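Chemist: There's a structure below that I have some questions on.
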Amino acid sequence: MSRLGRVGRRPDHWDSPHERARLRVAERMAGDLGAEEAGWLDEHLAACAPCAALAAQYAADRLALRSLRDAAPEPPRDLWARTAAAIERESSGSRANPLLAGRRISRIPLGAWSGIAVVALVVGVSALSGLRFQSGPAIDSEPSSGSTTGGDGGSGPDVALATPFAVGAGDVQWVDKSANGGLGYNNANIDEVCPAAGTSGCPALEDAQRQDLTLELAPRTIIRSPTNGKAVVVADNGSGGDQIMVVDLPKGTPTPPTALPSTTPTPTASADTSSASALASLPGRTQSDLASPTPSAAAGASAPTTPSADPSAPTQSPAFTPIVPTLSPSPSIAAATLAIANDIQLVGESAAFSADGTWFAFTARPDDGSAGPDVYVWHVGDGSVHKLTTDGSTVFASWDGDQVVASRPDAARSEGGYAAPVSVRIDPATGAESSAGDVWRPVIDPTRRRAIGWSGTIVKSADGKTWTPDAGRLELGPWTEAGAQQRGSGQGRDSSVVTDAATGGFDVRWDEAGDWVAIWVADSADPNVGRLSLYRVDAGHGRLERPKDAPDGVPALPGFSIGNGRLAWATPPGQDGEGSRIQIVAWNDDGVGSIESAPGEDLVLIR
Amino acid sequence: MSGAWDRDEAGVFVETLFAKHHGEIYAYLMRMMRDPEVAADMTQDAFVKAYKNYASLEKPENARAWLYQIAHRVALDEIRRRKIIRFLPWTGESRGAAPSAEHLVMEGRFSGDMQRALARIPERQRAALLLAELHDLTGLELADALGVSHVAARALLTRARESLRQALAAERELEAATDAASDAGTTAKVDR
């Protein structure tokens, strides 16, 4: 019986008997022809010397081909190790992270954190205040998803808490939505975190200072200017698109001193701060009011803050005693909004201010989906954004000094929905372009000597307008004046490659010095969630290192922030049956530790 | 096998599958691509895809052909991409970098007439020949692996044999011409 079904063709349809014989000879090598056709073939071969020679040649070729069995290539010995690791990565992509499982953490819930949307903003400041770990009895000892960096045990009132260690102080700021639907602006300071090793319990973020906000649209993303206390807010405009606004961040955010009285009343969502909480639309404001690049003395990363401790309260606060900030005196928040773009849809999470704070760049497309993405820029002080590219296929990657770095498919190397990427530097003022290498969305470090980007092909998404990584890898590489440069051999691949699967997209952010980098890789099935990892950069060897206890593929929503020795992100909702949390990992020379908030619903993290 | 996707079960299954078949899958991909590192990457990719698509395997007894089908698609995807882009990794020790000793050994082993001829023929025909003649897939298995009908697989294999014959003939002619040129050069030197 034939191993393969014979190709159907009636004998009388052959152009010549020799062609028929050639085909039948080849077919017979895969199995029986059937008695009738085999008989005809044997007769023909007996009478046709050229056809017989052809048959012999086929047989000889087959023997030669089969001789390749003797040269069977040996797979590399580490193939299973590599494959198992890849499977494990794949598996962990949709399974509860072991680091997040099985740990009970006592928490003091954020008093005002009962709402839905929470937006956090990490701002580096040197002042100490506001928020600390608590060593006292846990108020909330419900089971939780655990900490980012692991830990072994349940905790509660009867469980000894971990001994936190000090890290450089830094503020965490966020916007949340209270139970009554109102927005709130929160500010907290973190100067201690729980170590990962030996942790038997760790308190959660405690209440921070909260002030009511009034915004016409609920923010989805807030990106703070590095220089002037303003922020770009992206919000759903209610008609399928986004509105992009510029707002004043609250000024004069009260920051209690290091030692605050533990008896200070805890502020709640009902605290009467609305009169002073004016992150509100103020029609009378002018754009210059909003866009003034003059740094605010009371806002921004380096701004000193005003203590607000009650002088009548005790002055000592033992370590990990609840430290509750006060809202008195109410901060003077002078804020306004200025819509700089509407009827567009923000694409990705790469939007960023330039280092000097004079430009803001992002990727967007028309909200009706009529065209693909382009790069937009906003010059601080202008009344609206400016469309920098017009090809409908270019995305903003990052800033390289005062130049926009953008990526697009190379039209000359594009076929069937797949393409090779190219990157360009673009002067945001003139639009002048220059080549920056064959890499997709390189995110350049602050030293402008390295970048992390997608090296490989890109593929058109199902919408037919946007592009995502296809085959290749997300990796660290050299960055020069010519852009992305191929590194010579001798540099370890594994030490610089983040992943070879980023079809859902990715997000990369460096810390201020370029010593640390956090990388978020979207889930291939649902790009609204992803996995976040923290790396230390070995500048000398150009390698990425995984510090002990640093987040490694932890579940995260897009929109994390990194800076001032800490990384903050929001966990996806529903993890272990609870709401989202803001998680913060901080590090110093001694190690990496973490702290997290109590759960909330529909948590959104911004930077 | 279909139904709920049990990760642990899938993991154990793929590990077993790897133990039994990784050598032949690697060999197939090596013969298709002629690059040991690429073949290793693709073998890894094939088994990861097998893990991810475990639920799609309806009959465990067909696992080998199913695995070849996955590997075949991985290979065709890579070949298709290579037609678009010359892959230039950012980092070394890979494609685009200096060849490794292993690569050179493999290149020597796979640089004979037959390998060069195989490289000349269309990739789907090459795949059909390799799977049928070197990896002993039966007719139905071959059809499954190639993702075509039984009849189409047979037709593809038939065309592949003729393509290989012509490619081998071309290789031999080229080799003969090269030898003749070399002999002529030697003779000229002697005459001088």
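Only the coordinates and a few stated rules stand behind these numbers; no lab work does. Keep in mind that what you see is a predicted model, and the values were worked out from it rather than measured. Heads up, the Cβs are rebuilt from the backbone with ideal geometry, glycines too, and the neighbour counts pull from every protein chain shown.
Chemist: How would you classify region A:339-481 from its alpha-carbon gyration tensor, with a ≥ b ≥ c the square roots of the eigenvalues: rounded for a/c under 1.5, else prolate if a/b is greater than b/c, otherwise oblate? Provide the component values of the computation, followed by the final result.
Modeler: Numbers: a/c = 1.94, a/b = 1.12, b/c = 1.73.
Here region A:339-481 falls in the oblate category.
Chemist: From the backbone phi of region A:372-386, what are the Karplus-calculated ³J(HN,Hα) couplings (6.51 cos²θ - 1.76 cosθ + 1.60, θ = phi - 60°) in whole Hz, Gly and Pro given as x?
Modeler: The phi angles translate into x, x, 9, 8, 10, 10, 10, 8, 4, x, 7, x, 7, 7, 10 Hz.
Chemist: Tabulate in residue order the Karplus-calculated ³J(HN,Hα) for region A:220-229, using 6.51 cos²θ - 1.76 cosθ + 1.60 with θ = phi - 60°, rounded to whole Hz; enter x for Gly and Pro.
Modeler: Karplus values, whole Hz, x for Gly and Pro: 9, 8, 10, 10, 7, 5, x, 10, 10, x.
Chemist: Which net charge results when you count Lys and Arg as +1 and Asp and Glu as -1 among the other residues whose beta-carbon is under 11 Å from that of A:G591? Display every interim value, and only then the final one.
Modeler: Details: positive: A:K548; negative: A:D549, A:D589, A:D590.
Charge balance in the 11 Å sphere: -2.
Chemist: Short version: ³J(HN,Hα) in whole Hz for each residue of region A:464-472, in order, from phi by Karplus 6.51 cos²θ - 1.76 cosθ + 1.60 (θ = phi - 60°), x for Gly and Pro, what are they?
Modeler: Result, ordered by residue: x, 10, 10, 10, 9, x, 10, 9, x Hz.
Chemist: Multiply the residue gap between A:D70 and A:A355 by 0.36 nm, knock off their C-alpha separation, and tell me the result in nm, one decimal place. Please list the in-between numbers first.
Modeler: Working: separation 285, 0.36 × 285 = 102.60 nm, distance 6.10 nm.
Separation in residues times 0.36 nm, less the Cα-Cα distance, equals 96.5 nm.
Chemist: While we're looking at this one, here's another question. With label points built 7 Å along Cα→Cβ from the Cα atoms of A:A432 and A:S239, find their separation and express it in nm.
Modeler: 3.9
Chemist: Amide H to amide H under 5 Å from A:L249: which residues, 5+ apart in sequence or cross-chain, H placed 1.01 Å off N in plane?
Modeler: Here A:K230, A:A231 satisfy the definition.
Chemist: In the neighborhood of A:D374, defined by Cβ-to-Cβ distances under 9 Å, what is the net charge if each Lys or Arg adds +1 and each Asp or Glu adds -1?
Modeler: Numbers: positive: A:R365, A:K387; negative: A:D391.
With Lys, Arg at +1 and Asp, Glu at -1, the net is +1.
Chemist: Amide H neighbours of A:D400 under 5 Å, counting only residues 5+ apart in sequence or on other chains, H built in-plane at 1.01 Å?
Modeler: Amide H to amide H, under 5 Å and 5 or more residues apart or across chains, A:D400 pairs with A:V405.
Chemist: OK, next. Quick one: order A:W440, A:W40 by neighbouring beta-carbon count within 10 Å, fewest to most. Write out the running numbers ahead of the final one.
Modeler: Values: A:W440 29, A:W40 17.
Going from sparsest to densest Cβ surroundings: A:W40, A:W440.
Chemist: Same structure again: R0 = 51 Å: FRET efficiency of A:N528 with B:A181, Cβ-based, nearest 0.05? Before the final figure, lay out the partial values.
Modeler: Numbers: r = 64 Å, r/R0 = 1.25.
Using R0 = 51 Å, I get an efficiency of 0.20.
Chemist: Another question, then. In nm, give the distance between the simple-model label positions of A:H541 and B:R120, each being 7 Å from the Cα along the Cα-to-Cβ direction.
Modeler: Label-label distance for A:H541 and B:R120, simple model: 4.7 nm.
Chemist: Right, next: Where does the charge balance sit around B:R172 when Lys and Arg score +1, Asp and Glu -1, over other residues with C-beta under 15 Å from its C-beta?
Modeler: On the way: positive: B:R116, B:R120, B:R165; negative: A:D61, B:D113, B:E171, B:E173, B:E175, B:D179.
After counting each charged neighbour, the total is -3.
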